[in-house]
Amino acid sequence: MLPISKMAAAVQPSATLAAGAKARLLKSEGKTIFDFSLGEPDFNTPKHICDAGYKAMLDGHTHYTAASGIAELRGAIARWYKRTYGYEFSPEQVIVSNGAKHSLHNALASTVGPGDEVIIPTPYWVSYSDLVQMTGASYALVSTTEKNGFKMTPAQLKAAITPRSKLVMLNSPSNPTGIVYTRAELEALADVVLESNIGVISDEIYEQLVFGNAKATCFAMLRPKLAERTITISGVSKSYAMTGWRMGWAIAPLHVTKAMGNVQSQETSNPCSISQYATIAALDGDQTCVETMRVEFEKRRDLVCRRLNKLPGIRCPIPDGAFYAFFNVEAHFGKTLKGKPIKDSLTFCSAALETVHVNLVQGSAFGAEGYVRLSFATSVDQINKGIDRLAELVS
Ligand SMILES: Cc1ncc(COP(=O)(O)O)c(C=O)c1O
């Protein structure tokens, strides 16, 4: 029998992708499923971006490119940060990869390994822990609570740092909680980072999807010298409805982008040439499409939270960004709902899928038992019908 490596054996399948696959299976059996499991916009990629991809194909941009991405795109990314945040860096500090998940993998693979530790505040995006483990490093979870707004405090970060700590992973706006750290909160964390020897991976992929008065902050530019310690991760998947194009990037000090470029050149070579040209159009083009989608997500957030908070035994904090509601269902633990005993978030989600055909993701997958994640990147009609079904389950 062919062997399976220790690394591969230790990797868990992505819980969110697994939840999506389960729903697809039930759908293929003819069942109507209200699927709230996937973290991808339900909008089509805006036309001017598709046109740029099509034009790239017709113009013959269908060959290998520089492994770290074409200079024009790295320049467009640098321009976008200067315009948006006033953050200035050279295009050589950018490396473009096959989605932000790949950027995260390359960033971790290029900076940590066996014996190193990476600090991850919980609740966290399902892939962080596995991506760390794949490098041979270990992770240390720092628990945050709803009472503290699901935010890691400077004291918690300070207490988590050991001689083995190499990195802390930040994610604001956050998947799964939708929380957005304020600038002052991030500055306080930045000061702890600068007093120590650790670096930061700041995953800012939901930065353009913030609601109300919330504002996304680019962590690397909060303090002088912080950029030398920070790898900023982002991409077009969420803000431009481009999940399938697989375009993400990392911005880092030159010695890190160089190392990441070497890793990528051996791993995958360049990311898709056509997607790179489409991404230039996304970043340099008219940004109205982003605002239109953001406004729609905000409306859905209001609807979801208003309706969920009326259901018995459900408490839904209001997310300030991304497109997830992360709500508490602990009041149902120990009960039987529609004949299904509920003992934790996993059994709650299984009961929801099997009895009322609502697909959610258990909080335990994000390191937060007691909670359930609902992605509202789906139509208002689906949201209303799905929550009607959920009401049937919990009433
Ligand atoms: C927090 C976070 N980071 C990164 C990603 C990966 O994005 P991409 O589709 O660009 O790989 C996701 C996708 O769900 C995410 O939620």
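Here, each number is a calculation from the coordinates, and none is a lab measurement. All values reported here derive from a predicted model rather than from experimental measurement. All Cβ positions, glycine included, derive from the backbone under ideal geometry; neighbour counts span all protein chains shown.
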| said: Using only the alpha-carbon atoms, how far is helix 47-58 inclined from the longest principal axis of the chain? Give it as 0 to 90 degrees, nearest 10. | reply: 50
| query | Considering only DSSP beta bridges whose two residues both sit in the stretch 47-284, what percent are antiparallel, to the nearest 5? | reply | 30
| query | To the nearest 10 degrees, how steep is helix 345-356 against the longest Cα principal axis of the chain, on a 0 to 90 scale? | reply | 60
| said: Counting pairwise Cα distances across the stretch 1-116, what percent come out greater than 25 angstrom? | reply: 53
| task | Would you mind checking the tilt of helix 15-28 against the longest principal axis of the Cα atoms of the chain, expressed as 0 to 90 degrees and rounded to 10? | result | 60
| request: Would you work out which of Ser90, Val126, Ile33 lies farthest towards the positive end of the dipole of the stretch 1-138, given +1 charges on the beta-carbon of Lys and Arg and -1 on that of Asp and Glu, about the Cα centre? | output: Ile33
| request: Identify the trypsin sites (Lys or Arg not before Pro) of the stretch 175-283 meeting these criteria: DSSP loop state and at most 11 other C-beta atoms within 10 Å of the C-beta. | output: Lys225
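All other residues with a Cβ under 12 Å from the Cβ of Val180 taken together, and with Lys, Arg as +1 and Asp, Glu as -1, what is their net charge?
Summing Lys/Arg as +1 and Asp/Glu as -1 gives -1.
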| Rg/Rh ratio calculated on Cα atoms of the stretch 43-90 (Kirkwood radius) | 1.06
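Quick check for me: using +1 on Lys/Arg Cβ and -1 on Asp/Glu Cβ, what's the dipole size of the stretch 113-208 about its Cα centre, in debye to the nearest 20?
Working: 6 positive and 11 negative charges, 45 e Å.
Using Cβ point charges on Lys, Arg, Asp and Glu, the stretch 113-208 gives about 220 debye.
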| query | If eta is 0.692 mPa s and T is 37 °C, what Stokes-Einstein diffusion coefficient results for the chain, Kirkwood Rh from Cα pairs, in µm²/s? | reply | 151
| task | Select from the stretch 1-99 those trypsin sites (Lys or Arg not before Pro) which occupy a DSSP coil region and have at most 16 other Cβ atoms within 10 Å, ordered by residue number. | result | Lys31
| query | Which entries in Lys6/Lys166; Lys158/Lys310; Lys101/Lys310; Lys101/Lys158 show an alpha-carbon gap greater than 32 Å? | reply | Lys158/Lys310; Lys101/Lys310
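Taking only the C-alpha atoms, wrap a convex hull around the stretch 190-297 and report its volume per residue in Å³ as a whole number.
125
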